[in-house]
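Encoded as structure tokens, the structure appears first; notes follow it.
The values are calculated or read from the model by the stated rules, or taken from the named source; none is laboratory data. As the structure is a prediction and not an experimental result, all values here were calculated from the model. With ideal geometry, Cβ positions are generated from the backbone for all residues, glycine too; neighbour counts draw on all protein chains shown. Just the protein is used for accessible areas: all its heavy atoms, side chains included, with ligands, DNA and RNA removed. Shrake-Rupley method; radii C 1.70, N 1.55, O 1.52, S 1.80 Å.
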Amino acid sequence: MTMLLLAATLAATLSAPPTSPDLAAYVQQTPRCSAEVPRCFGVHLHLVVTAGTAIQTVEWVSSQIAEANARFSTIDVNFEVIAADALPATDAEVDDRAERDALGDPHFSRGVAHVFVVGRLADVDIAGSEIRGVHWRFRKDRSRRWVILSKIAGALTLAHELGHFFGLPHSEYDESLMNKTPRVAWLTGELSFAEPEFARMRRHRDRMLREGMLVDRAGRKGQAQKPG
């Protein structure tokens, strides 16, 4: 009976909302949208918390946002974290498609890009492998989508996954971070997007604004935009 009680207590502890550290720093100390960039989109950040500690640092998140902003500014877009909340330790490992669905579904809302930071993100196509990030569409309703990052994600991973969020497939453009082929440029931070990719992202940007998938924090949602 004692063992059963202990097991029940442990299960309840793991599934309970985490004891949250002060996550305000992930909003206050990460890059803001530049005043010189016309469109500003919010990021709602969800981080796994274990033993009162977030799974990744403010500095790591700052690097992800800064690298994305440097590249998306070409299409007149920047991002900033507007909310950060804690995920339980049970979300530390995301092993299959069902768990990707279950991670984002309860938290999804329109108007912002939801980004989840977990400990380990399994490759659902190669058993035993893990990946650094994924742009995931909820299988019951593909209009609902989010980004999942592993804690081992490199600084360009969020920019890559946001490229998918803005309608890009993987590509073979040598200069593009959507090209998964290893290149020396990966080490120098020179990768961005190819001009045809920028054009496609502009179209998806405007469609998402019209449909309310993203809301411009400057209050421009649904208004006519000058060509970007």
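Before moving on, here are some points about what is shown:
- The stretch 44-66, residues that are out of contact with any strand residue (DSSP E or B) (no Cβ under 6 Å at 6 or more places or on another chain) and either outside any helix (DSSP H, G or I) or at pLDDT below 95 (or both): T50, A51, G52, T53, T57
- Scanning the stretch 126-149 for residues that are surrounded by 15 or more Cβ atoms within 10 Å (Cβ to Cβ) and of a type in the set (G, A, S) yields a count of 1.
- Checking H170 against (1) touching a residue at least 24 places away in the same chain (Cβ under 8 Å); (2) under 24 Å from E99 (Cβ atoms), the condition it does not meet: (1)
- Residue in the stretch 177-190 that is modelled with pLDDT of 95 or more, open to solvent by 20 Å² or more (accessible area, probe 1.4 Å), at negative phi and not in a helix (DSSP H, G or I) present: no
Let's see how each residue does on (1) touching a His at 6+ places or on another chain (Cβ under 6 Å); (2) surrounded by fewer than 19 Cβ atoms within 10 Å (Cβ to Cβ); (3) farther than 27 Å from H204 by Cβ:
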| position | (1), (2), (3) |
| --- | --- |
| Y26 | no, no, no |
| T30 | no, no, no |
| A35 | no, yes, no |
| C40 | no, no, no |
| V48 | no, no, yes |
| A51 | no, yes, yes |
| A54 | no, no, yes |
| T57 | no, yes, yes |
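- Answer from D123, D101, D96, D85 - the residue that is of a type in the set (D, E, K, R), at pLDDT 95 or above and open to solvent by less than 20 Å² (accessible area, probe 1.4 Å): D101
- For T157, the conditions (1) loosely packed, with under 12 Cβ neighbours inside 10 Å; (2) at pLDDT 95 or above; (3) hydroxyl-bearing (S, T, Y) are fulfilled apart from (1).
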